[in-house]
Amino acid sequence: MKKTTNEVRKIFLDFFKEKKHTVIPGSSLISSEHSSLLFTNAGMNQFKDLFLKRDSKLKYTRVVTVQNCLRTGGKHNDFENVGYTSKHHTFFEMLGNFSFGDYFKEKAITYAWEFLTSKKWLNLSEEKLWITVYEHDLESYNIWKKETNVKKEKIIKIGDKKNFKYTSDNFWQMGDTGPCGPCTEIFYDKGDHLLGNPPGNHANHGERFVEIWNIVFMQFNKISNTKMTKLYIPSVDTGMGLERISGIIQNVNSNYEIDLFQPLIDSISKMSNTHKINYKHVYVIADHVRSSAFIISENIVPSNEKHGYVLRRIIRRAIRHGHQIGIKGIFLYRLIPILINSMGDYANILRIKQKYIETTLKLEEKKFIKTLEIGLKLLNVEIKKLKTNILSGKLIFKLYDTYGFPPDLTIDVCREKNIIVNLEEFKKKIKRNKKESHNKNFYKKNNIQTTILQENNIFSDFTGYTHIQTQSLITNIIKNNACCSTLKENESGIIILEKTPFYAERGGQIGDIGTIKNTNGKFEVYDTQKHKYAILHIGKVISGKFEVKNIVTAKINSVRRTLIQSNHTATHLLHSSLRKVLGPHILQKGSYITDHFLRFDFSHKAPLTLNELHEIENIVNIIITQNILIKTNIMTLKEAQKKNILALFQKKYDETVRVLSIKNFSSELCGGTHTKRTGDLGLFKIINERSISSGTRRIEATTGQIALSHIHKKEKELKNICDILKTNTKNIKNNIETLILNNKQLEKKINKINDRETCRIVDTIGKNLFFIKNTKVVIHSFTKHNPQLLKIITDKLKNRLKSAIIILINIFNDHATILISVTSDISKNISSKKLLQVLLKRLNGKGGGNALIAEGGIKNLKLLQKELSNIKIWINSNL
């Protein structure tokens with residue numbers, strides 16, 4: 001009778017109890033002891049101090065544990081493998097035995113051999129076991145050879161990678177630093193019905209050879225990449241995945257086929273609304289719901305940082321894979337009772353927190369479902385547009401930045417469709433975005449909370465409405481988040497002045513830049529922010545030094561300020577124009593004003609038509625040509641409210657407010673800086689209009705010379721198109737329409753030619769068919785044929801032959817694609833997908849499909865003809 005996972009766990013503990021080991025509970029899944037680790041990733045984590053002889057309180061020298069582990073990042077990361085292999089999990093249980101200065105290599109190896117092969121314990125076949133050792137660890141090699149029955153040729157020495165010392169797969173390291181040492185690994189051979197190579201340097205073990213036990217001999221402490229010291233006492237740390245060893249004991253090909261996972265997999269399958277389930281998706285869900293439940297049981301909730309971010313990624317990936325198999329609505333929480341029932345003796349923590357886990361999952365699922373549907377829809381549209389199999393990093397960033405669609409899900413989708421993701425471009429875009437927002441977020445990121453700034457009497461008088469330069473007194477200096485009296489050359493910090501022309505970022509307008517000078521020094525101001533009533537000049541001393549009570553000259557970059565003012569005034573004109581064209585329901589939702597462009601968010605449900613955009617532009621430009629004087633008035637907030645002056649009244653204002661008026665056209669509350677007259681804007685041009693969320697639109701626009709440059713750029717693009725078409729702008733529309741018409745006619749001709757060619761090919765192939773057990777079989781090879789026509793050929797063959805198995809190979813130099821299709825009557829016994837899998841096994845190919853049609857690719861052409869012969873034998877035995 002096969003042992004259950006629960007029984008295997010107990011047998012392991014019983015074996016080592018018999019060997020005088022103390023049973024110690026596994027530590028928390030949250031790695032509180034080690035700042036470099038978010039989650040416990042190995043059984044030895046809780047014993048780090050003991051390996052380093054830092055903790056003298058622990059009385060035992062032999063220990064056995066069952067440790068909950070999570071591997072989703074860093075050196076030990078299995079996240080991307082889950083669902084794509086039969087043996088990887090994010091969450092798993094690690095069986096481990098440990099020795100702290102007691103037994104060492106000989107007993108550790110002989111204990112492992114006894115547990116695995118003895119009839120009293122697991123009783124595995126000795127012939128099935130393979131061993132790897134570190135190339136320089138001859139002691140372990142000789143122990144395996146002399147003390148066990150393993151054959152010499154099955155003990156493999158593993159060397160260092162690229163001859164860099166201690167970089168071997170058989171030299172174990174917990175992380176970048178910490179205890180480490182040579183290790184010996186035990187592999188199990190599942191049989192030649194599976195693909196895979198024996199263990200060895202750079203070997204592809206495939207599904208056939210499975211690593212089941214890693215025995216680490218802790219001898220060193222890694223201080224850095226260049227420094228390694230010996231540990232006080234040599235120790236033993238072992239780890240064996242419970243799921244993997246249970247899979248071997250239960251004689252199944254995949255960890256997901258063991259008794260622990262079957263109830264979950266059955267429940268997920270029943271939830272699916274897909275006739276043909278791809279079990280890869282089911283395995284991901286089963287793994288991820290287990291990980292999520294155990295993380296939440298540690299009082300972690302989904303968030304955008306640290307542990308919570310990992311949890312959110314896992315949950316959202318599970319939801320996406322549920323979507324792939326037709327599961328609609330929230331579903332993960334419904335799997336928790338099933339998970340608890342299948343976890344056996346180790347389900348108590350989940351049982352205690354069941355309601356909390358279910359509620360947390362429900363809330364996260366509700367939040368993400370809408371984002372998932374929108375993101376997948378947009379991603380699939382973009383994928384269809386691709387002319388190559390590479391997805392740009394800009395698109396990944398857009399999905400992430402605009403729609404909140406996680407990058408790892410984009411990568412996951414593309415991986416399934418064999419699309420390469422330009423991650424480097426995405427990373428550069430992220431980096432650029434962070435750099436652009438650096439000034440804006442400097443104040444928040446540096447958490448400037450000094451005692452002096454908390455006092456209400458720190459006040460800076462703003463003179464920037466009327467002056468671009470002011471003489472002033474330095475009242476405070478901040479360096480490294482602390483008050484100080486001096487800033488020296490090359491030091492960065494914050495200077496606070498008694499009065500200043502620098503506008504501090506607020507109301508959507510970015511802060512000023514410029515210089516602060518004294519008699520012998522220069523301070524470059526990179527950004528200006530505000531804290532209560534104090535204006536903070538953020539920057540760096542370029543020369544000299546600055547001290548509190550210095551008299552200085554503060555001067556803004558006036559060219560940049562002028563451009564900002566133009567765009568800010570244009571924002572007010574745009575707001576009023578929108579209300580005139582679209583209606584009084586238009587309300588400002590936010591704005592961002594720089595020297596290069598303005599961004600204006602407003603309430604509106606539908607996209608703006610080109611006519612509406614032109615009308616809005618025309619209104620603004622008419623006001624610009626009228627050169628209206630812009631006035632500002634100070635009044636109480638109550639007075640402004642009585643006059644129905646536009647404002648973001650959900651924001652908090654002072655009792656006294658500043659009102660900006662442009663004749664009878666626009667009147668709004670605003671503390672920003674503006675041009676003196678509307679004519680100063682020169683020109684207004686809308687660059688872009690789009691949706692940013694449900695019921696909220698965004699317009700990006702610019703003014704003056706930059707607006708003119710944008711128009712020139714568009715004219716140049718139009719001129720280039722005219723040159724290509726050899727026409728002028730007057731005739732361009734007619735020429736394009738003619739081209740489209742000609743193109744359609746050519747397509748029809750090509751289709752007719754292709755159809756004739758396809759019929760000819762079908763006739764030729766049809767004559768060369770053969771029979772296997774009265775079933776028609778077609779196997780035909782092409783050289784560099786049009787891939788799109790292969791499916792047409794397949795359909796025509798199926799229509800003509802009525803009942804058949806069709807295998808078409810398209811060879812391109814050093815690789816080939818394979819298209820397999822069977823008629824529905826045959827698919828009951830032989831599916832296209834299964835047939836493809838069998839053919840690809842020994843060709844190291846990749847592919848997928850369904851019962852009626854499947855497609856894959858190979859690079860090993862040498863064995864192709866042999867495997868095509870073998871596939872005939874397989875078809876014969878399965879019909």
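Probe radius 1.4 Å, ligands and nucleic acids ignored: give me the carbon and sulfur share of the accessible area of the chain as a rounded percent.
Roughly 49 percent of what the probe reaches on the chain is carbon or sulfur.
Largest first, how would 378, 637, 739 line up by accessible area (1.4 Å probe)?
Correct descending sequence by accessible area is 739, 378, 637.
Starting from the Cα of residue 485, step 7 Å along the direction of its Cβ; do the same at residue 603; then give the gap between the two resulting points in nm.
5.5
What distance in nm lies between label points placed 7 Å from Cα along the C-beta direction at residue 466 and residue 345?
Between residue 466 and residue 345, the label points sit 8.4 nm apart.
Between (1) 108, 92, 55; (2) 131, 73, 62; (3) 95, 85, 52, which matches Cα extents along the principal axes in Å calculated for the structure shown?
(3)
From largest to smallest, what semi-axes in whole angstrom does the stretch 516-555 give when each is the square root of 5 times an eigenvalue of its alpha carbon gyration tensor? Show your work: numbers first, answer last.
Values: eigenvalues 70, 27, 12 Å².
Equivalent ellipsoid of the stretch 516-555: 19, 12, 8 Å, largest first.
Which value in deg cm²/dmol, rounded to the nearest 500, describes the helix-derived mean residue ellipticity at 222 nm for the chain, given -39,500 (n - 2.57) per DSSP H run of n ≥ 4 and division by the residue count?
-12000 deg cm²/dmol
Leaving ligands, DNA and RNA out of it, work out the accessible area of residue 635 with a 1.4 Å probe and give it in Å² to the nearest 10.
In the full protein context, residue 635 sits at about 20 Å².
Ignoring ligands and nucleic acids, what accessible area does residue 800 show with a 1.4 Å probe (Å², nearest 10)?
Its heavy atoms expose roughly 120 Å² to the probe.
Taking the Cβ-Cβ separation of residue 828 and residue 204 as r and a Förster radius of 56 Å, what is the calculated FRET efficiency to the nearest 0.05?
The calculated FRET efficiency here is 0.95.
From the C-alpha gyration tensor of the stretch 68-192, pull out the three semi-axes of the equivalent ellipsoid (sqrt of 5λ each), sorted largest to smallest, in whole Å.
Its equivalent ellipsoid spans semi-axes of 24, 20, 16 Å.
Given a Förster radius of 22 Å and the C-beta distance between residue 558 and residue 622 as r, what FRET efficiency does 1/(1 + (r/R0)^6) yield to the nearest 0.05?
0.20
Given the alpha-carbon gyration tensor of the stretch 152-297, what are the semi-axes of its equivalent ellipsoid in whole angstrom, ordered largest first, with each equal to the square root of 5 times an eigenvalue? Intermediate values should be presented prior to the final figure.
Values: eigenvalues 247, 85, 38 Å².
For the stretch 152-297, the semi-axes come out at 35, 21, 14 Å.
What full-extension length gain, to one decimal in nm, is calculated for residue 230 and residue 781 as 0.36 nm per residue of separation minus the Cα-Cα distance?
The residue 230-residue 781 span can extend by a further 192.2 nm.
Summing +1 for each Lys or Arg and -1 for each Asp or Glu, what net charge is found among the other residues whose Cβ lies under 12 Å from the Cβ of residue 810?
Net local charge, residue 810 excluded: +1.
Provide the gained length on full extension for the span residue 850 to residue 387, in nm with one decimal, where the gain is 0.36 nm per separating residue minus the Cα-Cα distance.
Difference between extended and current length: 164.2 nm.
For residue 161 and residue 631, what does the FRET efficiency come to when R0 = 51 Å and r is the distance between their Cβ atoms, rounded to the nearest 0.05?
0.10
For residue 60 and residue 524, compute 0.36 nm times the residue count separating them, minus their Cα-Cα distance, and round to one decimal in nm.
160.8 nm
Starting from the alpha-carbon convex hull of the stretch 496-655, give the projected area averaged over all orientations, in nm².
Averaging across all directions leaves 12.0 nm² for the Cα convex hull.
The values are calculated or read from the model by the stated rules, or taken from the named source; none is laboratory data. Just so you know, these numbers come straight off a predicted model, no measurement behind them. No Cβ is skipped: glycine too gets one built from the backbone with ideal geometry, and neighbour counts run over all protein chains shown. Heavy atoms of the whole protein, side chains included, go into the accessibility calculation; ligands, DNA and RNA do not. Shrake-Rupley method; radii C 1.70, N 1.55, O 1.52, S 1.80 Å.
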